[in-house]
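S.K.: Encoded as structure tokens, here's the structure I'll be asking about.
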Amino acid sequence: MYQAPRGTQDKLPEDQAYWKYVEDTAAEVAALYHYSRLDTPVFEDSGLFIRGVGEGTDIVEKEMYTFNDLGGSSVTLRPEGTAPVCRAYVEHGMSNLPQPVKLYYIMSIFRYERPQAGRMRQFHQFGFEALGESSALLDAEVIDMSCCFYKKLGLKDLTLLVNNIGCPECRPAYLKTLRDYYRDHLGEMCEDCKNRFEKNVLRLLDCKKPNCKVLADNAPKSIEHLCDECSAHFAALTKRLDQLKLDYVIDHRLVRGLDYYTKTVFEIQPLIEGAQSTIGGGGRYDKLIEELGGKPTEGVGFATGLERVILNLKRAGIEPPKSDKPDVFVIWCGENTLDMAGHITSALRENGVPVATVYSPRSMKAQMRQANTFGSRYVIIIGESEAENKNYTFKDMQNNTQETLTEEELLKRLS
Ligand code: HAM
């Protein structure tokens, strides 16, 4: 038999309440911070990600689902949402709107990664991007909004890590200092880090291997090599985070896996450690839109993986709210009961009441069992005596009460 492709999963009916809960909360938080929804295509011109995310990144080097379509164009299933949002901002002339333009998305994302718990090849992100504003107050608001999302869901015990990785002004000198430091330790590094040393020395800082971790702990810190503008930006950010009473840790090893970041980077991690445990991350990307061919436009944003959010909700024992709609099961059993059952089922649905029933004769016991499996709050029973008297036995399964009602009374009660 066929199975879902490795690293993908079906969103089963029993999990839909979790999905609804996180997506509704995302939309609620987006509205609170004045973000509008944007949906972009599932695939884009491959060049958008090669230029946007960066050629030396794991995503572009090893993880993209890229193929030539039948017209011979190279397209890629989106491996992240920021570059597509920036593309749409430029394409639709959003620089003419009042700035910053604030956009959010809930979308499927594709990365050819080694699957494990919380690491998928098709997953979903809630992300938001604010474009056209350079103030650190906006970085702080984006961080605040990220925390607000988790708080509204009931997730606790999260750690907020922040760092500033500089800008094209100050980063080259910092990278040189970093490379000089690592050059003296090449023999102590893992093979991956040795390969990254020339191509992307910043990434050496977030290697999880024990030896490399020690090296990274002692490495020169970017925040000690910032230009005046980046320093002032970082000071303004931390001041505002303090005012917002957000707990944060300055982590000089935090660099993120995408090339477009400038100045602020941040991540939110649950207490349980692990390479795939980061629940969300983001930062500022002031050069990305220009890199993609637009006018110089600053940006800052965040994205969180919804599968990881749901995993954390389940670990914390947080259940999504139950639907408050009364759920009714119509049982019919005996001669001449089918027409009455069909009639009341339609009448209830017309009145907006969700109803389930059976379609071929079954014993009363079997139907009661089915109503229990569905968790139906109410059961309507139509047996031979009900059919004769043109009334209904109405059972409230929660309160364990039972009464006899006419059709009119029944509709009034349930609508
Ligand atoms: P990212 O850190 O690559 O950032 O992904 C954001 C989040 O997506 C991660 O923290 C994680 O929760 C989730 N995620 C990533 N990979 C996987 C996977 N293979 N399986 C399940 N979940 C995963 C970005 O994508 C940036 N675009 C974020 C951003 C927005 N920066 C600025 N604006």
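The values are calculated or read from the model by the stated rules, or taken from the named source; none is laboratory data. Since this is a predicted model, take the numbers as computed values, not measurements. We place every Cβ from the backbone using ideal geometry, glycine too, and count neighbours over all the protein chains shown. With ligands, DNA and RNA removed, areas are computed over all heavy atoms of the protein, side chains included. Shrake-Rupley method; radii C 1.70, N 1.55, O 1.52, S 1.80 Å.
S.K.: Taking the Cα atoms only, what angle lies between the long axis of helix 306-315 and the longest principal axis of the chain, rounded to 10 degrees?
M.R.: That works out to roughly 70 degrees.
S.K.: Same structure again: Looking only at the stretch 167-201, which residues have a backbone nitrogen under 18 Å from a spot 7 Å from the Cα of Ser231 in the C-beta direction?
M.R.: Residues 167-175, 177 fall inside that zone.
S.K.: Decide, for the chain, between rounded, prolate and oblate: order the square roots of the alpha carbon gyration tensor eigenvalues as a ≥ b ≥ c, take rounded if a/c falls under 1.5, and otherwise choose prolate if a/b is larger than b/c, else oblate.
M.R.: prolate
S.K.: Over the chain, what percent of the accessible surface lies on carbon and sulfur atoms, probe 1.4 Å?
M.R.: Within the chain, the accessible surface is 49 percent carbon and sulfur.
S.K.: Let me ask something else about it. Less than 16 Å from a label point 7 Å out along the Cα-to-Cβ axis of Ala356: which backbone N atoms in the stretch 367-400 qualify, by residue?
M.R.: Only 367-381, 397-398 fall inside the zone, counting backbone N under 16 Å.
S.K.: Find me the longest stretch of the chain that has none of the exposed chymotrypsin sites (Phe, Trp or Tyr not before Pro), where exposed means in a DSSP loop (not H, G, I, E or B) with at most 12 other Cβ atoms within 10 Å.
M.R.: With chymotrypsin sites (Phe, Trp or Tyr not before Pro) excluded where exposed in loops, the chain gives 3-358 as its longest stretch.
S.K.: Put a dot 7 Å past each Cα toward the Cβ at Glu23 and Lys239; how far apart are the dots in nm?
M.R.: The two pseudo-label positions are separated by 4.2 nm.
S.K.: Whenever you get a sec, line up Met340, Met397 from highest to lowest accessible area (probe 1.4 Å, protein heavy atoms).
M.R.: Highest to lowest solvent-accessible surface, that is Met397, Met340.
S.K.: Of Lys156/Lys245; Lys365/Lys395; Lys102/Lys322; Lys20/Lys325; Lys208/Lys314; Lys151/Lys314, which ones are farther than 21 Å apart at the Cα?
M.R.: Lys102/Lys322; Lys208/Lys314
S.K.: For the stretch 328-414, compute the orientation-averaged projected area of the C-alpha convex hull (one quarter of its surface), in nm².
M.R.: The Cα convex hull of the stretch 328-414, projected and averaged over all directions, gives 5.0 nm².
S.K.: Simple spin-label model, 7 Å along Cα-to-Cβ: Lys295 to Lys213 in nm?
M.R.: So the two model labels end up 4.8 nm from each other.
S.K.: Then there's this: Using a Förster radius of 41 Å, what is the FRET efficiency between Glu384 and Ser108 based on their Cβ-Cβ separation? Nearest 0.05, please.
M.R.: Rounded to the nearest 0.05, the efficiency is 0.20.
S.K.: Moving on. Quick one: angle between helix 338-350 and the longest Cα principal axis of the chain, in degrees between 0 and 90, rounded to 10, please.
M.R.: Approximately 40 degrees, to the nearest ten.
S.K.: Evaluate the distance, in nm, between pseudo-label points positioned 7 Å from the Cα of Leu137 and of Gln116 along their respective Cα→Cβ axes.
M.R.: In this crude label model, Leu137 to Gln116 measures out at 4.4 nm.
S.K.: A further question on this structure: When the Cα centres of the stretch 142-204 and the stretch 9-65 are compared, how far apart do they sit, in Å?
M.R.: After rounding, the separation between the Cα centres reads 22 Å.
S.K.: In deg cm²/dmol, rounded to 500, what helix-only [θ] at 222 nm does the chain give when every DSSP H run of at least 4 residues adds -39500 (n - 2.57) and the total is split over its residues? Walk me through the numbers on the way to the answer.
M.R.: On the way: 14 runs with 151 residues, N = 415.
Result for the chain, helices only: -11000 deg cm²/dmol.
S.K.: Go ahead and run the numbers for FRET between Arg349 and Leu97, Cβ-Cβ distance against an R0 of 41 Å, rounding to 0.05.
M.R.: In this case the efficiency is close to 0.40.
S.K.: Cα to Cα, under 17 Å, and not fewer than 8 places away if on the same chain: which lysines meet these conditions relative to Lys221?
M.R.: Lys176, Lys213, Lys263
S.K.: Then there is this: Whole-Hz ³J(HN,Hα) for each residue in the stretch 19-36, computed from phi via Karplus 6.51 cos²θ - 1.76 cosθ + 1.60 with θ = phi - 60°, x for glycine and proline: what do you get?
M.R.: Going residue by residue, I get 4, 5, 4, 6, 6, 5, 5, 4, 5, 5, 5, 4, 5, 4, 9, 6, 9, 9 Hz, with x marking Gly and Pro.
S.K.: Then there is this: Return the whole-Å distance between the Cα centroid of the stretch 67-94 and the Cα centroid of the stretch 285-351.
M.R.: 27 Å
S.K.: Gln402 to Asp15: FRET efficiency via 1/(1 + (r/R0)^6), r the Cβ-Cβ distance, R0 56 Å, to the nearest 0.05?
M.R.: Details: r = 34 Å, r/R0 = 0.60.
FRET efficiency, Gln402 to Asp15: 0.95.
S.K.: Expressed as an acute angle from 0 to 90° and rounded to the nearest 10, what is the orientation of the C-alpha long axis of helix 171-183 relative to the principal long axis of the chain?
M.R.: For helix 171-183, the angle is close to 80 degrees.
S.K.: Right, another one. With every protein chain kept in place and ligands, DNA and RNA left out, what is the accessible area per residue of the stretch 346-415? Probe 1.4 Å, answer in Å².
M.R.: With all protein chains present, the stretch 346-415 gives 63 Å² per residue.
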